[in-house]
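The values are calculated or read from the model by the stated rules, or taken from the named source; none is laboratory data. All values reported here derive from a predicted model rather than from experimental measurement. Here Cβ is always computed from backbone atoms with ideal geometry, including for glycine, and neighbour counts include all displayed protein chains.
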Amino acid sequence: MYGLPLPSLREVATLGAIRRIQGTPPTVAGLVNIRGEIICALDAREVLGLARPTVPDVRFLVVLRRLQNPIGLIVDSISDIYTIDTDHIQPLPETWPASRAAFLAGMAGVPAGPMGLLVLEKVVG
């Protein structure tokens, strides 16, 4: 389970049709139309190097705030909002793959289990 800082979140939408873009890296899923606004969508599984055992029936687009254009992150599920005190952020275990750890600020325990805390700037470049 992974989490983003709430101020970086603009909205969450059910993922609709994705318009693929030739020549883009696998992390770029394509373009998505959200109420007439075209948003570039990144695939969170590709960005984090996660396996894709099955694609759920419903996926979500987490639209993130950016200084210029919003960007979307395609995720499999949405959980709750948690308040995490910075004193409770722990370093990642050494067993985490370095390629995945590069996107994280640390870990925190939440009621649903351990959560990796994503650094938005590193996820979206």
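Brief remarks follow.
- Test: residue in segment 30-53 that is charged (D, E, K, R), more than 12 Å from the chain's Cα centre (by Cα) and at pLDDT 90 or above: yes
- Evaluation of Asp76 against (1) modelled with pLDDT of 90 or more; (2) farther than 10 Å from Gly3 by Cα; (3) in contact with a Pro (Cβ under 6 Å, 6 or more places away or on another chain) (one fails), failing number: (1)
- Residue that is surrounded by the most Cβ atoms within 10 Å (Cβ to Cβ) [pool: residues in segment 91-103 that are touching a residue at least 40 places away in the same chain (Cβ under 8 Å) and not in a helix (DSSP H, G or I)]: Phe103
- Taking every residue in segment 108-125 that is more than 13 Å from His88 (Cα to Cα) and pairing it with any residue that is exposed (fewer than 15 other Cβ atoms within 10 Å of the Cβ) and among the hydroxyl-bearing types (Ser, Thr, Tyr), at least 6 positions away or on another chain, the pairs with Cβ-Cβ distances below 6 Å are Ala112/Ser79.
- Some residue of segment 48-57 being within 13 Å of Val123 (Cβ to Cβ) and surrounded by 13 or more Cβ atoms within 10 Å (Cβ to Cβ): yes
- For segment 104-125, the set of residues classified as in a loop (DSSP other than H, G, I, E, B) and either at pLDDT 90 or above or under 18 Å from Arg10 (Cα atoms) (or both) consists of Val119, Gly125, listed by residue number.
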